[in-house]
Amino acid sequence: MVYWWFLLIIPALVSLLICLPVTLEILLFDSLSVTLKILFFKIKLSPKSPKEKAKHAKSSQLEEEKSGQKKKKPGLGACFKYRVKHEGILSVISDIRDAVCIVAEKLKTLLSHVSIHPLDLKIAVAGEDAAEAALTAGRLNAALFPMLGILYSAVKPEPPDVLILPRFDVSETRVYFHTRISLAPVFLLCLARPALKFIKLFPAPPVKI
């Protein structure tokens with residue numbers, strides 16, 4: 001009898017857990033910070049804690065000693081900064097826009113279950129030439145706002161707070177991005193493949209040995 005109770009309770013608990021919303025908080029400024037929230041629990045996905053860093057460094061050192069080569073895998077934040085530096089912020093935003101448009105079109109019904117709040121984006125476009133910086137800022141606005149319109153129609157988030165301005169007192173383009181994305185885990189299985197395609201937009205920069 002107890003055996004049958006277990007067979008009934010365990011699937012019920014699993015079904016309840018995958019239907020509870022999970023929140024992913026993303027903060028990008030000088031570095032990338034990603035936190036996963038499940039009920040009252042927080043899991044820091046990036047950056048790693050000092051303990052995890054030490055453990056990872058030790059395992060990497062052992063691998064390097066075995067292979068005889070130094071290998072360091074950069075994070076997504078470093079890949080983003082590398083692309084911005086070498087290809088320009090406009091190229092990066094255009095790729096993100098194209099990816100978001102494709103995902104929003106193919107997964108419109110699914111994305112209606114996603115909650116995004118807040119959506120805060122600030123970009124300071126650096127440039128020694130005032131006219132060039134202003135032109136780049138204008139092109140960024142032209143690339144971003146249609147994407148936000150498509151995203152808004154699919155997800156229906158709170159009104160986004162977006163500001164893009166040319167800056168002549170900074171040496172490099174700065175990006176501040178903060179958002180919280182909530183979704184029940186039952187829908188995450190459908191988003192796994194598009195998410196992998198999105199991550200591939202930021203290939204790792206070449207590592208000097």
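The values are calculated or read from the model by the stated rules, or taken from the named source; none is laboratory data. Keep in mind the model is a prediction, meaning the values are calculated, not measured. FYI the Cβ positions are ideal-geometry reconstructions off the backbone, even for glycines, and counts take in every protein chain you see.
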| task | Identify all residues within segment 9-34 that are exposed (fewer than 13 other Cβ atoms within 10 Å of the Cβ) and in contact (Cβ under 8 Å) with a residue 60 or more places away in the chain; write none if there are none. | result | CYS19, LEU20
| Quick check, is VAL34 under 30 Å from SER171 (Cα atoms) and either modelled with pLDDT of 80 or more or not in a helix (DSSP H, G or I) (or both)? | yes
| Pairs under 7 Å by beta carbon, first residue farther than 15 Å from LEU121 by Cα in segment 144-173, partner among the aliphatic types (A, V, I, L, M) and assigned to a loop (DSSP other than H, G, I, E, B), six or more apart or different chains? | VAL155/VAL114
| Failed condition for TYR152, given (1) surrounded by 14 or more Cβ atoms within 10 Å (Cβ to Cβ); (2) at pLDDT 80 or above, with all others met? | (2)
| query | surrounded by fewer than 16 Cβ atoms within 10 Å (Cβ to Cβ) and touching a Pro at 6+ places or on another chain (Cβ under 6 Å), is that true of ALA130? | reply | no
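Scan segment 44-59 and tell me whether some residue there is over 28 Å from LEU140 (Cα atoms), at pLDDT 80 or above and not hydroxyl-bearing (Ser, Thr, Tyr). Outline the logic, then answer.
If we filter segment 44-59 for residues that are over 28 Å from LEU140 (Cα atoms), which is where we start, we get 44-45, 47-59.
Retained after the next criterion (residues that are at pLDDT 80 or above): 44-45.
With the extra rule that they be not hydroxyl-bearing (Ser, Thr, Tyr), the set shrinks to 44-45.
Yes, some residue in segment 44-59 is over 28 Å from LEU140 (Cα atoms), at pLDDT 80 or above and not hydroxyl-bearing (Ser, Thr, Tyr).
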| message | Pairs needed: first member in segment 130-141, in contact (Cβ under 8 Å) with a residue 24 or more places away in the chain; second member anywhere, surrounded by 15 or more Cβ atoms within 10 Å (Cβ to Cβ) and in a helix (DSSP H, G or I); C-beta distance under 8 Å; at least 6 residues apart or different chains. | response | THR136/ILE89; THR136/LEU90; ARG139/LEU90; LEU140/ILE89; LEU140/LEU90; LEU140/ILE93
